[in-house]
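Asks: Just dropping this structure here.
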Amino acid sequence: MSVKPNASKTRKSAAESSHNAPSKTLKPLRAKAAATKAPATAIAKRAVKPAAVKPAAAKPTAAKPAAAKPVAADVAAKPVAAVAAKPVAAKPAAIKPAVVAKPAAAQAAQAVEAAGAKPVVAAPVVEAPPRSSKGVLAEGHAAPAFELPRDGGGMVSSHSFAGRKLVVFFYPRASTPGCTKEAIDFTRLADAFATAGIGVLGISADNLKAQDAFRDKYQLTTPLLSDETHQILEAYGVWGEKSMYGKIFQGILRTTVLIGKDGRVGKIWRNVKVDGHADEVLAAAIELE
């Protein structure tokens, strides 16, 4: 008799076999997957070193010249023919001969001759004595002539001393200390000057009354001349700017002039110091030829 398998047992054994079959199949797959994940984890844990990047060498780019676009033939400018300028020949200016002006005297004489009359001969002109660069009388120049009133009355002229030596001392003011001492010294030496043939005169801007009082008070024998207009004082360059106690004024600069026999200035003493001055002038006047 044949025994039929139990249907329930058959289903159970089939289910177990189906349950165990996959586990055998999946084991090798799981092992393979684990082997695959292990290297990935190890790689992730490593320090990744950045690779050194070398800068790329820049290659010079050759600039290409822009191609000039051809100009249309109808727009192209036509060359203008240059006009050659003709050289103009410059005419030399005619040079007129310079007309030399004749002196006035020659023109006058020529006019007189044309009129048929005899020419008049002009008198010779006497030139003024030369002056220094500052316009002041200097040694060697002709002494200006003069004629002035003197103390006690009368006139004194420089022409009366022609051919003789003459000493003229210009003093600032009568009866002042310096002028008094100077006038007394020249009076003291009056005989010595006269013996040597030398004349002596004193000149100031004081009036005649002041000159008379000055002479009488100090018994002066030297003639004292008055030049109230300052004309002779300026001609001899002894009238100018002075200062005293901070005040500036115009007055006589104490000066002595020695005139030679020829009428020219032999020596000039400016800004005179009166002590010993008269004696010095006498010695110089005697030595002057």
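The values are calculated or read from the model by the stated rules, or taken from the named source; none is laboratory data. Every value quoted in this text rests on a predicted model; they were computed, and no experiment measured them. Glycine also receives a Cβ, built like all others from the backbone with ideal geometry; neighbour counts cover every protein chain displayed.
Asks: Restricting to the range 189-230, count the residues that are part of a helix (DSSP H, G or I) and free of Cβ contacts under 8 Å to residues at least 24 places away in the same chain.
Replies: 5
Asks: Could you grab me the full set of residues in the range 159-178 that are touching a residue at least 40 places away in the same chain (Cβ under 8 Å) and in a helix (DSSP H, G or I)? Steps first, please.
Replies: From the range 159-178, those touching a residue at least 40 places away in the same chain (Cβ under 8 Å) are 161-175, 178; that's our starting set.
Residues satisfying the conditions are Phe161, Gly178.
Asks: Could you tell me which of the residues Lys267, Lys261, Lys217, Lys273 is under 26 Å from Gly153 (Cβ atoms) and modelled with pLDDT of 95 or more?
Replies: Answer to the check: Lys217.
Asks: Let me ask something else about it. Looking at the range 232-272, which of its residues are closer than 19 Å to Ala174 by Cβ and not in a strand (DSSP E or B)?
Replies: Answer for the range 232-272, where residues must be closer than 19 Å to Ala174 by Cβ and not in a strand (DSSP E or B): Ile232, Leu233, Tyr236, Val238, Leu253, Arg254, Val272.
Asks: Does any residue of the range 218-233 turn out to be within 17 Å of His277 (Cβ to Cβ), touching a Leu at 6+ places or on another chain (Cβ under 8 Å) and polar (S, T, N, Q)?
Replies: Yes.
Asks: Considering only the range 249-262, I want to know if a residue exists there that is more than 22 Å from Ala205 (Cα to Cα), touching a residue at least 24 places away in the same chain (Cβ under 8 Å) and not charged (D, E, K, R). Before you say what the answer is, go through the steps one by one.
Replies: To start, the set of residues in the range 249-262 that are more than 22 Å from Ala205 (Cα to Cα) comprises 260-262.
Subsequent filtering for residues that are touching a residue at least 24 places away in the same chain (Cβ under 8 Å) retains 260-261.
From what's left, not charged (D, E, K, R): 260.
Yes, the range 249-262 contains a residue that is more than 22 Å from Ala205 (Cα to Cα), touching a residue at least 24 places away in the same chain (Cβ under 8 Å) and not charged (D, E, K, R).
Asks: Being of a type in the set (D, E, K, R), closer than 22 Å to Glu287 by Cβ and surrounded by 15 or more Cβ atoms within 10 Å (Cβ to Cβ) is the filter here, so list the residues in the range 250-274 that pass it.
Replies: Lys261, Lys267
Asks: Could you look through the range 222-249, keep only residues that are over 19 Å from Glu147 (Cα atoms) and either of a type in the set (A, V, I, L, M) or surrounded by 11 or more Cβ atoms within 10 Å (Cβ to Cβ) (or both), and pick out the one that is modelled with the lowest pLDDT?
Replies: Step one: of the range 222-249, the residues over 19 Å from Glu147 (Cα atoms) are 240-249.
Applying the additional criterion that residues be either of a type in the set (A, V, I, L, M) or surrounded by 11 or more Cβ atoms within 10 Å (Cβ to Cβ) (or both) yields 240, 242, 244, 248.
Numbers: Gly240: 95, Lys242: 93, Met244: 86, Ile248: 95.
Ranking the qualifying residues of the range 222-249, first place goes to Met244.
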